[in-house]
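Working notes, structure below.
Read-outs: derived from the displayed coordinates by stated rules, not from any lab. Owing to the predicted nature of the structure, the values given are computational and were not obtained by experimental measurement. No Cβ is skipped: glycine too gets one built from the backbone with ideal geometry, and neighbour counts run over all protein chains shown.
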Amino acid sequence: MARDDELAEGEERVLVAHPHWKMLLWPSVVLVVVAAAALALLVVVPPGRYATPGRAAVGIAAAVAVIAWFVVPYLRWRTTIYELTTRRLRLRSGILSRSGRDFPLARISDVSFSHGPIDRLLGCGRLVVESPGEHGQLVLTEIPRVGAVQSTLFQLVEDEQERLASQDRKA
């Protein structure tokens, strides 16, 4: 989560979210399958001279599989953050090196969402944020409570445009 010193003066955090847990469903299935396969292989390794190296090989292969197919996706999920403030939409991601992208709310021209039957059942979906410019469309997938996020973002965009318009009137 972003520290408060990363926010501009007068800016407040409204929503902070990770992608939906659905992203971890298949990695979790792989974790269970790898654990079951490793246990089965450990049971069938015959006793004797090669038992220790055989069991070590099974353990190493299982550890590599778990790291590649569960730990890395988990860390990717955990380090991906969608943050909505009163002034901008902030995206942060990365395990070893971080990258980020900020969308000022005043530049957002359209906010829409979509979700299929499974996404509706799980309460997630795809959020599409459009703004004029070179990188005009941002598509965020696996957003939890996507309908509520879209409504909140739309309201914040209207509030920011109203705030800027009132500043222009005062100036």
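Within 10 Å of each candidate Cβ there may be at most 14 other Cβ atoms; applying that plus a DSSP loop requirement, which GluC sites (Glu not before Pro) in segment 1-52 survive?
Details: sites: Glu6, Glu9, Glu11, Glu12; in loops: Glu9, Glu11, Glu12.
Passing sites in segment 1-52 are Glu9, Glu11, Glu12.
Using the Cβ-Cβ distance between Arg107 and Ala36 with R0 = 45 Å, the FRET efficiency computed as 1/(1 + (r/R0)^6) comes to roughly 0.35. Ranked by the mean number of other Cβ atoms within 10 Å per residue, highest first, peptides 18-26, 80-88 order as 80-88, 18-26.
In the chain, the calculated helix contribution to ellipticity at 222 nm averages -14500 deg cm²/dmol per residue, counting -39,500 (n - 2.57) for every DSSP H run with n ≥ 4.
Extents of the chain, taken as max minus min of Cα coordinates on every principal axis and listed largest first, are 86, 38, 27 Å.
Placing dummy labels 7 Å off each Cα toward the beta-carbon, the span from Ala57 to Asp168 is 7.2 nm.
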